[in-house]
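So the structure is just underneath, and the comments pick up after that.
The numbers here are math on the coordinates, done by the rules we state, and not lab data. The structure presented is a predicted model; accordingly, all values stated were derived computationally and were not measured. FYI the Cβ positions are ideal-geometry reconstructions off the backbone, even for glycines, and counts take in every protein chain you see.
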Amino acid sequence: MKTGKLIAIAAIIFSVSLAVHADSTNKVVAAKNYTEQQVQAFNQQAERQFHKLGKELDDLKAQSQKQSGDAKAALDKKIAEAQQKIDDLKPKLAELKTATTNAWSDIKSGFEKGLDDVRNALK
């Protein structure tokens, strides 16, 4: 009889252990999915911001065509600087999309800094 009780207790402990493990696994999977969703959402937002800055640069180029003299020269200098920063940022955008979860955070920070640099160049 003691053996039967021990087996029953062991079975209960094993069942509880499996349930706890399954619950933990579900939480890990849910957290991973949430993180992946955040990464995907940020990547989409980054793409939109990048294209918006490209359009702002195009607008600045159109303004430059209407200028002459020193005003045009100053605007052309600003355009060249902003274009260089956009060119530097483009590979970071591609890298952001393909980064592993571990490296993504560092790449994201670099991309955000690059966005700020372009914004400042367009001011």
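Roughly how many nanometres apart are two label points built 7 Å out from the Cα toward the Cβ at GLN45 and SER105?
Rounded to a tenth, the inter-label distance reads 1.7 nm.
Taking the alpha-carbon distance from LYS66 and a cut-off under 12 Å, which aspartates and glutamates remain once sequence neighbours fewer than 8 residues away in the same chain are dropped?
ASP76
Which residue, ALA121, ALA103, GLN83, has the largest displacement toward the positive end of the dipole of segment 81-122 when charges sit on each Cβ (Lys, Arg +1; Asp, Glu -1)?
Farthest towards the positive end: ALA103.
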